[in-house]
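> Below is a structure I'd like to ask you about.
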Amino acid sequence: MIKRTLYDKIWDNHLIHSDNETSLLYIDRHLVHEVTSPQAFEGLRDAGRKVYAPHKTIAVPDHNVATTSDRQTNFGSEEGKIQLETLDRNAKEFGLIYYPVGDIRQGIVHIIGPEQGWTLPGMTIVCGDSHTATHGAFGALAHGIGTSEVEHVLATQTLIQQKSKNMKVEVTGTLGRGVTAKDITLSIIGKTGTAGGTGHVIEYCGNAITELSMEGRMTVCNMAIEGGARAGIIAPDQKTIEYVKGRPHSPKGEDWEKALKLWKTLYTDTDAFFDKELFLKAEDIAPVVTWGTSPEDVLSITERVPDPDNFQGSKISAAKRSIEYMGLNPGERLQDISIDAVFIGSCTNGRIEDLREVEKIVRGKRVKDGVRAMVVPGSGLVKKQAEEEGISATLIEAGFDWRMPGCSMCLAMNPDQLMPGERCAATSNRNFEGRQGRGGRTHLMSPAMAAAAAITGYLTDVRDL
Amino acid sequence: MDKFVKFTGISAPMPLINIDTDMLIPKQFLKTIKRTGLGKSLFFEMRYDTNGGLIKDFILNKDHYSSASIIVAGDNFGCGSSREHAPWALKDFGIKCVISTSFADIFFNNCFKNGILPIILSDDKRQVLMEDANTIENSQLTIDLDNQKIIRKEGDSIDFQVDEFKKYCLLNGLDDIGLTLKNSQKIAEFEKKYAEQFSWA
């Protein structure tokens, strides 16, 4: 029998038909948000088409929503307001499952999918957002699509695809103190580069991956796209099943038993072929930060800003540009870099476990004077839980700004933005030029590291606190 | 979608690697609910200073290149987000073809849905075209998708590969959804079979 990877198996389960290189794949869940969907709904309307499977289409506003308590009336911008109203109209008109602002279940699309039990092992999940890779943590094939493809899925519940190659990333060993899922995923991108995964689906495996919580696994898969991969995926196990069980939309009764049977088949066969492989030792991974404007610009917090001349080829000029944009000097110790802002949140690190990590570091301490530190929970339910656990009280006491859920300063579409030249310790996923506001300077890191930076006012080795 | 026809245009060199979708079209322009009108905001932060003035050094602001319809780019063009606003902005500006050694997956797919041809070449061939683009007299290229050729100013050409289905759709200006709906019978049959095993989904 042909040995198949987990990706191969999910692919085969959803393959409607195949014509040479091009295949038609069935889609189980389509997540929709306000930014990449208006043109798709307009297209449907223009062609007189309906949404093929509204009960498999889940809509939530997240990118544009304000994170202030008056956000139901204060939209931050007129255009943002129109976009939110457009989603509202489309969700109602086409009969989608919908979590509007004001519903406690509203939040970042990639946080509420798993939270509500829409995300299940073995599924195909798409969304007009590149961080859809997050759902791969459940052993689902999940990836971002463009707006034309959003329209295609709305109209047909299928997607025209070409099969990707298989890539394995295995992390084994024991993580050191202060090293988290974020450090793992950033370190992998540091090794592969931002194009290292292009054309591939990455399967993350090894004990250092399986020992992560579901939240940690989501953080790892979330950034698969930052390594260029189409998707990231982790085989489901008992931990996955425990997480999924009893969620509002996870299967019940007989369906649950049936699902369990299928989920048990979701693993990569021994000796299945991978086109590319990468092996990392957990002991070699340190708490890391990014120094440049690409997620591949990753270094251990104990290191120094690199000298561009030590790079090769076109990376030399790219590094020069990055260092200039970031306002740094080659040779400078990373721990000597002072920060102005801290952003904790996003689909990468806006879950309850992330907030618990932050609370542990912050307890009994104060945010450094002059640093504005913002915490944006990933969903209304994450926010509620953090409030019940007393996390929010500790953070507010320490001087953090505790806000309403949304994407917020990860992409800064709403009013949460950096000023030109402002430097931010961020738990999000992209440090591109201007990402968090024109001229803003982003250093990516784990929630614990961002919390440490908030307290000292510098990029800080969390192990020293 | 318009048919992709053979055309001759000016190529602009953009050798920077990892040109991301935030550079192509920053977030403030994603608030639109239309597909059109984004061309003026293409490469916004590289193209305009904070007062809205043109940054003269930026390649697409230079006289000769302001009418470019081809970009010869550094590695990994279009990395980052899934925003289709990136190809919409390129198209609205007048870019019909981007040539690089590699593209980010989602961006690559998005281009084809909007009548833009992304061409992947080896590093040495890309370098030849980068030098052409850098030299005003040689910067004119002809893109012949039907014959899969990039024809240089002096008449010699570089061949390129393209997926057959994507080529067919581009050349004929076909809408994917219409094509897929021709398979509705197959989809319905699949769903029936699928529902037996995946009732929980």
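Quick note: the coordinates plus some simple rules give every number you see, no bench work behind them. From a predicted model like this one, the values you see are computed outputs, not experimental measurements. All Cβ positions, glycine included, derive from the backbone under ideal geometry; neighbour counts span all protein chains shown.
> Relative contact order of segment A:107-168, please, whole-number percent, based on alpha carbon pairs below 8 angstrom and at least 6 residues apart.
Values: 73 pairs, mean separation 15.0, N = 62.
Relative CO of segment A:107-168 lands at 24 percent.
> Where does chain A land at 222 nm, in deg cm²/dmol rounded to the nearest 500, when only DSSP H runs of n ≥ 4 count, each adding -39500 (n - 2.57), divided by all residues? Walk me through the numbers before you get to the answer.
On the way: 16 runs with 149 residues, N = 465.
So the calculated ellipticity at 222 nm is -9000 deg cm²/dmol.
> Once phi is turned into θ = phi - 60°, what whole-Hz ³J(HN,Hα) does the Karplus curve with 6.51, -1.76 and 1.60 give for every residue of segment B:150-164, x standing for Gly and Pro?
Working through the residues one at a time gives 9, 9, 7, 3, 7, x, 6, 9, 10, 7, 9, 9, 8, 4, 4 Hz.
> Residues with amide H under 5 Å of A:His17's amide H, sequence separation 5 or more or different chain, H placed in the peptide plane at 1.01 Å from N; which?
A:Leu24
> Can I ask one more? Just counting partner chain Cβ atoms within 10 Å, what average do the residues of peptide B:105-116 show around their Cβ? Working shown, then result.
On the way: counts 15, 11, 2, 3, 9, 5, 1, 2, 7, 3, 0, 0.
Mean number of neighbouring Cβ atoms from other chains: 5.
> Count the net charge of all other residues whose Cβ sits under 9 Å from the Cβ of B:Met23, scoring Lys and Arg as +1 and Asp and Glu as -1. Present the calculation step by step, with values, prior to reporting the outcome.
On the way: positive: none; negative: A:Glu433, B:Asp20, B:Asp22, B:Glu45.
Residues near B:Met23 contribute -4 overall.
> By how many nm would the segment from A:Gln162 to A:Glu283 lengthen if fully extended, with 0.36 nm per residue of separation less the alpha-carbon distance?
Numbers: separation 121, 0.36 × 121 = 43.56 nm, distance 3.68 nm.
Length gained between A:Gln162 and A:Glu283: 39.9 nm.
> Now, a different point. Compute the Cα gyration tensor for segment A:338-416, then decide on rounded, prolate or oblate, letting a ≥ b ≥ c be the square roots of its eigenvalues: rounded whenever a/c is under 1.5, prolate when a/b is larger than b/c in the other cases, and oblate in all that remain. Intermediate values should be presented prior to the final figure.
Values: a/c = 1.81, a/b = 1.03, b/c = 1.75.
Since a/c reaches 1.5 but b/c is at least a/b, the shape of segment A:338-416 is classed as oblate.
> Would you mind checking which residues have amide H under 5 Å from A:Tyr98's amide H? H placed 1.01 Å from N; only 5 or more apart, or other chain.
Under 5 Å from the amide H of A:Tyr98 lie the amide H atoms of A:Ala59, each far enough along the sequence or on another chain.
> At q = 0.19 Å⁻¹, what log₁₀ I(q)/I(0) does a Debye calculation on the Cα points of segment B:92-201 give, no solvent, two decimals?
For segment B:92-201 at q = 0.19 Å⁻¹, log10 I(q)/I(0) is -1.03.
> Amide H neighbours of A:Leu278 under 5 Å, at least 5 residues apart or on other chains, H built in the peptide plane: list them.
When sequence neighbours closer than 5 places are left aside, the close amide H contacts are A:Lys168, A:Val169, A:Glu170.
> Next question. From the phi of every residue in segment A:349-356, what ³J(HN,Hα) in whole Hz does the Karplus formula 6.51 cos²θ - 1.76 cosθ + 1.60 yield, where θ is phi - 60° and glycine or proline is x?
9, x, 9, 4, 4, 5, 5, 5
> How big is segment A:120-276 by Rg and Dmax over its Cα atoms, in Å?
15.7, 49
> Kindly list the residues of segment B:63-96 that lie in the label zone of B:Leu54, defined by a backbone N under 20 Å from the point 7 Å along the Cα-to-C-beta vector.
B:63-72, B:89-96
> Where does each of B:Trp88, A:Trp11, A:Trp256 land when they are ranked from fewest to most other beta-carbon atoms within 10 angstrom?
A:Trp256, A:Trp11, B:Trp88
> Just to be sure I follow the definition: excluding the sites themselves, where is the longest run in chain B that has none of the trypsin sites (Lys or Arg not before Pro) in a DSSP loop with at most 15 other Cβ atoms within 10 Å? Provide the component values of the computation, followed by the final result.
Details: sites that count: B:Lys3, B:Lys6, B:Lys34, B:Lys56, B:Lys62, B:Lys153, B:Lys182.
Excluding the exposed sites themselves, the longest stretch runs over B:63-152.
> Give the average, rounded to an integer, of partner chain Cβ atoms located within 10 angstrom of each Cβ in B:158-164. List each step's numbers first, then the result.
Numbers: counts 0, 0, 0, 0, 0, 4, 4.
Across the residues of B:158-164, the mean count of other-chain Cβ atoms within 10 Å is 1.
> A further question follows. I need to check one value: relative contact order of segment A:13-90, counting alpha carbon pairs closer than 8 Å and at least 6 residues apart, in percent. Walk me through the numbers on the way to the answer.
Numbers: 68 pairs, mean separation 24.1, N = 78.
Once normalised by length, the contact order is 31 percent.
> Counting other Cβ atoms within 10 Å of each Cβ, which GluC sites (Glu not before Pro) in segment A:1-77 have at most 16 and sit in a DSSP loop?
Working: sites: A:Glu21, A:Glu34, A:Glu42; in loops: A:Glu21, A:Glu34.
The qualifying sites are A:Glu21.
> Charges only on Cβ, +1 for Lys and Arg, -1 for Asp and Glu: so what's the dipole of segment A:134-260 about the Cα centre, in debye to the nearest 20?
Working: 13 positive and 13 negative charges, 42 e Å.
Roughly 200 debye for segment A:134-260.
> Considering only the other residues whose Cβ falls under 9 Å of the Cβ of A:His33, what net charge follows from Lys and Arg at +1 and Asp and Glu at -1? The partial results should precede the final answer.
On the way: positive: none; negative: A:Glu34, A:Asp62, A:Asp129.
After counting each charged neighbour, the total is -3.
> Before anything else, pin down the relative contact order of chain A: Cα pairs under 8 Å, at least 6 apart, normalised by residue count, whole percent. Could you put the intermediate results ahead of the total?
Values: 1123 pairs, mean separation 81.1, N = 465.
The normalised contact order for chain A reaches 17 percent.
> While we're looking at this one, here's another question. Could you list the square roots of 5 times each eigenvalue of the Cα gyration tensor of chain A, that is, the equivalent ellipsoid semi-axes, sorted largest first and rounded to whole Å?
Numbers: eigenvalues 216, 144, 93 Å².
So the three semi-axes of chain A are 33, 27, 22 Å.
> Also, quick follow-up: What trypsin sites (Lys or Arg not before Pro) does segment A:252-313 have in DSSP loop regions with at most 15 other beta carbons within 10 Å?
Numbers: sites: A:Lys252, A:Lys258, A:Lys261, A:Lys264, A:Lys276, A:Lys281, A:Arg304; in loops: A:Lys252, A:Lys264.
Within segment A:252-313, the qualifying trypsin sites (Lys or Arg not before Pro) (loop, at most 15 other Cβ atoms within 10 Å) are A:Lys252, A:Lys264.
> Now for a different question. Within segment B:2-45, which residues have the backbone N less than 17 Å from the label spot 7 Å out from B:Gln127 along Cα→beta-carbon, could you tell me?
B:14-17
> Something else about it: How fast does segment A:8-160 diffuse by Stokes-Einstein, in µm²/s, taking the Kirkwood radius from C-alpha pairs at 20 °C and 1.002 mPa s?
On the way: Rh = 15.8 Å.
The Stokes-Einstein estimate is 136 µm²/s.
> Continuing with this model, one more query. Length gain on complete extension for the stretch A:Lys360 to A:Asp271, per 0.36 nm per residue less the alpha carbon to alpha carbon distance? Please report the intermediate quantities before stating the final value.
Values: separation 89, 0.36 × 89 = 32.04 nm, distance 4.21 nm.
Full extension of this stretch gives 27.8 nm more.
> Still on this model: What ³J(HN,Hα) values, in whole Hz, does the Karplus curve 6.51 cos²θ - 1.76 cosθ + 1.60 give for segment A:79-87 when θ = phi - 60°, with x put for Gly and Pro?
After applying 6.51 cos²θ - 1.76 cosθ + 1.60, I find 5, x, 4, 4, 5, 5, 5, 5, 4 Hz.
> For segment B:1-132, just the Cα set please: Rg and Dmax, both in angstrom.
Answer for segment B:1-132, Rg first and Dmax second: 13.8, 41 Å.
> Please identify every one of the trypsin sites (Lys or Arg not before Pro) in segment A:1-53 that sits in a loop by DSSP and has no more than 14 other beta carbons within 10 Å of its own beta carbon. Before the final figure, lay out each step's value.
Values: sites: A:Lys3, A:Arg4, A:Lys9, A:Arg29, A:Arg45, A:Arg49, A:Lys50; in loops: A:Lys3, A:Arg4, A:Arg49, A:Lys50.
Taking segment A:1-53 and a limit of 14 other Cβ atoms within 10 Å, the loop trypsin sites (Lys or Arg not before Pro) found are A:Lys3, A:Lys50.
> Working only with C-alpha atoms, what are the Rg and Dmax values of segment A:75-138, expressed in angstrom?
Gyration radius and largest Cα-Cα distance of segment A:75-138: 13.4, 40 Å.
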